[in-house]
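The values are calculated or read from the model by the stated rules, or taken from the named source; none is laboratory data. This is a predicted model, so every value here is computed, not measured. As a convention, Cβ positions derive from the backbone with ideal geometry for all residues, glycine included, and neighbour counts pool all protein chains shown. Calculation scope for accessible area: heavy atoms of the full protein, side chains included, ligands and nucleic acids excluded. Shrake-Rupley method; radii C 1.70, N 1.55, O 1.52, S 1.80 Å.
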Amino acid sequence: MYKVSIPIMNSSLTPSNRGEYLEIVRKTKADRVTVSYMTPGDFSTLGDNVAFFKENGFETGVWISETVGHGKPLLNSTEFAGLTDSTPLIDSEGEPNEWTRCPLDPVFLEEQKNKIRRIASCRPDFILLDDDFRLSQHGANRFFCACPRHLERLSAQLGKKIAFEDLKDLFVGKPSKIRSAWLKVMGESLYEAAGEFRAAADEVDEKIPLAICAVYSHLGVDGVDLEKLTAILAGKGKKLLRLHGAPYWACKNGHSPVSVTEVARMFASVVKNKEIETMAEGDVYPRPRYNVPSSLLELFDAAIRFDGNCDGILKYIVDYTANVDFETGYAAHHVMNIEKAKKASELFGKRANCGVSVFTKANYLGGADISPNAHLFRQPYPEAGVLLGSCGIPTVHFPGGGYCTALFGDLADVYDRDIGPGLILDSRAAEKLEKKGIDVGLKAINTQEEKTITFLVNPASSNHAACWNSKAVIADAVLKEGAKPVLNCICDEKEKVFAYRYENARRQRFFVYLIEYAAVDKDSGLYRNYEQQSALYGAVEWIAKKPLPIKMPKNPNLYIMCAKDEGSLSAALINFSPDPVLQPKAALDRKYSRAECVGCEVKLEGASLTLASPLPAYEYALVKLFV
């Protein structure tokens, strides 16, 4: 069952307006309410607000806004909740972040434990810690925590005194003892704090689970196993986890709606323990709709449902700082889509299972030779998924999918699957595989330099496709005999090979980019480009030796998700673009006899379908085709 959870600010709830909020929750057919407690804040009303929603039949939790601290002020709060006499997080260069507190500090721990005891006394069904319960990801290119307590532990782990200068290249280059020790010490400090929080809740009621909101650093530089951290916090209660990747990123953080969705799907895929109930991050911070439109939230919700790897969504559909009637559009849009979402999900099937498999692995940094160009604070990051999804190619985030696997960057160091018919690679992954003895057509890389790519060029047609925000680390490479350039680029007014195809003696096929995608900006035009799309269509079909399930070219940000079985193909067409899909014709992998649809009507003709009318901007449609 896909559960909808709605957060409501404790400070917004009063005896006179609780009934109005209850009416909103009932209209949205939500399953759960989280009463959001901003700290510092008025605690006196929290118990009554929790009791109100529980008495009206809703599972009700309390969401704590800050523990370690977000590293900066939130719009919804005016001051940091931490005590001024506790230790802030200190980065690996010795700079403190005064909007945080170190979880090894006993003053901090006691403060937080007291808060948890008080909240547990309100008897919520669960207590959710916000995503600030982390160490790093508190500012670009800064690793935390190197406070005296953490450095003392690090020194003990390594058997020698560690200073800031020893941490300079912590996450660059080959695996090292100091990197392994850092990951171990950081992870253990978070486990210990989580255990202290758990013990505080147990003093009141051991059946109340604590839960966490996940972030990138929980899969990388913080050195934790996210499932283990979730289990420690849950104790004897149920395991609950809010994932990462939020619609507001497409308005505020330089992401596209496609990249947000791929991140959310990646996070859902790394949680293997099915005892953990997961919620997607349906956040529209800072609200209202003039900041983040409700369409992005609705499309994100639809994609998460089709993905099928998440148990629900924490859907932010009431305003955090204004009166109950100030912003009603999020709730209204959700209510309008309830029946459509239900029908589409039922028709689609259990989960998206057809497309290119995007390889991801959590906690790989300890065993990787890390590029100096990688954006470590968003690693692992599904660069390959963002590229494929932006070009309208269906993806899956688990082994299989029926086509091939895309493997980018330093993840090649920990790749543990069969190559199968072949791989889609970037230059970093290709170079690593060659060093492992896998022939991918790359003879040598002479130099790698950051360049601005102005055009992608199809050498067959000479079409020049303009690129935007397109700095890239591009390799000056020597290719092996038989490697065929299929896409070029223009940089420094010179034409260079951008991507090539290669089949080795073992009949394994590779499509290789000569840029390092971890160094590409997350909203770069190198993810979205007509010539890029055309080359990828050809590459996937060439490697897999069969047609893609559905192709709808030259519709930017048309995100397609597919599910397939022996008798049918389901295709979700999610239009993340401000343009309608004006050419709603699709090429299919075969002829189908009939179609059932939600949100559209289609005409089948041979191995193609045509929508009866354009797919509007920020809308989705579902087509199920039967053999």
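For the chain, the alpha carbon convex hull comes to 151 Å³ per residue, rounded to a whole number. Toward the positive end of the charge dipole of the chain, with +1 on the Cβ of Lys and Arg and -1 on the Cβ of Asp and Glu, the farthest Cα among ASN557, VAL627, GLY422 is that of VAL627.
Charged neighbours of SER217, selected by a Cβ distance under 12 Å, balance to 0 (K, R count +1; D, E count -1). Each other residue within a Cβ distance under 11 Å of ALA475 adds +1 if Lys or Arg and -1 if Asp or Glu, for a net charge of -2. Express the relative contact order of region 156-305 as a whole percentage, based on alpha carbon pairs under 8 Å and six or more residues apart in sequence. Computed value for region 156-305: 18 percent relative contact order.
Mind jotting down the distance between the C-alpha centroids of region 368-396 and region 1-63, whole Å? Using only Cα atoms to place each centre, the spacing works out to 37 Å.
Cα centroids of region 82-155 and region 178-196: 12 Å apart.
Within straight-line reach of LYS436, meaning a Cα separation under 27 Å, sit the following lysines at least 8 residues removed in sequence or on another chain: LYS174, LYS177, LYS361, LYS480, LYS484, LYS496, LYS545.
Within the accessible surface of the chain, defined with a 1.4 Å probe on protein heavy atoms only, the carbon and sulfur portion equals 49 percent. Label region 130-220 by shape, choosing from rounded, prolate and oblate, from the square roots a ≥ b ≥ c of the eigenvalues of the Cα gyration tensor; if a/c is under 1.5 it is rounded, and otherwise prolate applies when a/b is larger than b/c, oblate when it is not. Verdict is prolate for region 130-220. Its relative contact order, with pairs defined as Cα atoms under 8 Å and 6+ residues apart, puts region 268-398 at 25 percent.
Of the trypsin sites (Lys or Arg not before Pro) in region 256-321, the ones in a loop by DSSP (not H, G, I, E or B) with at most 14 other beta carbons within 10 Å are LYS272, LYS274. Dipole magnitude for the chain: about 1960 debye, using +1 per Lys or Arg Cβ and -1 per Asp or Glu Cβ, origin at the Cα centre. For region 183-269, the list of GluC sites (Glu not before Pro) that fall in a loop by DSSP and count at most 14 other C-beta atoms within 10 angstrom reads GLU203, GLU206.
Hydrodynamic analysis of region 76-199 uses the Kirkwood radius over alpha carbon pairs. Inserted into Stokes-Einstein at 25 °C and 0.890 mPa s, it gives a translational diffusion coefficient of 157 µm²/s. At a probe radius of 1.4 angstrom, the accessible area of the chain per residue rounds to 38 square angstrom. If you take the Cα centroid of region 432-472 and the Cα centroid of region 225-267, the two points sit 32 Å apart. Subtracting the Cα-Cα distance of LYS494 and GLU95 from 0.36 nm times their residue separation leaves 139.3 nm of extension gain. Farthest toward the positive end of the dipole of the chain, out of VAL270, LEU604, TRP249, is the Cα of LEU604, where the dipole comes from beta carbon charges about the Cα centre.
Beta bridges from DSSP with both residues in the chain: antiparallel share about 60 percent, rounded to the nearest 5. Available extension along the chain between ARG594 and GLU346 is 87.5 nm, counting 0.36 nm per residue and deducting the alpha carbon span.
Think of region 417-491 as having a plus end and a minus end, set by charges on the Cβ of Lys, Arg, Asp and Glu; of GLY441, THR452, ALA465, GLY441 sits farthest toward the positive end of this dipole.
Of the chymotrypsin sites (Phe, Trp or Tyr not before Pro) in region 135-198, not one is in a loop by DSSP (not H, G, I, E or B) with at most 12 other beta carbons within 10 Å.
Computed on the chain, with alpha-carbon pairs under 8 angstrom and 6+ residues apart, the relative contact order is 11 percent. Using Cβ point charges alone (K and R +1, D and E -1), the dipole size of region 281-368 about the Cα centre works out to roughly 360 debye.
Binning all Cα-Cα separations of region 271-336 at 5 Å, short to long from zero, yields these whole-percent fractions: 3, 18, 26, 21, 14, 10, 6, 2, 0. Adding -39500 (n - 2.57) for every DSSP H run of four residues or longer, then dividing by how many residues the chain holds, sets the calculated 222 nm ellipticity at -8500 deg cm²/dmol. Rounded to the nearest 20, the size of the Cβ-charge dipole of region 409-484 about its Cα centre is 160 debye, with Lys and Arg at +1 and Asp and Glu at -1. A simple count of charges around VAL271, restricted to other residues whose Cβ falls under 15 Å of its Cβ and scoring Lys, Arg +1 and Asp, Glu -1, yields +2.
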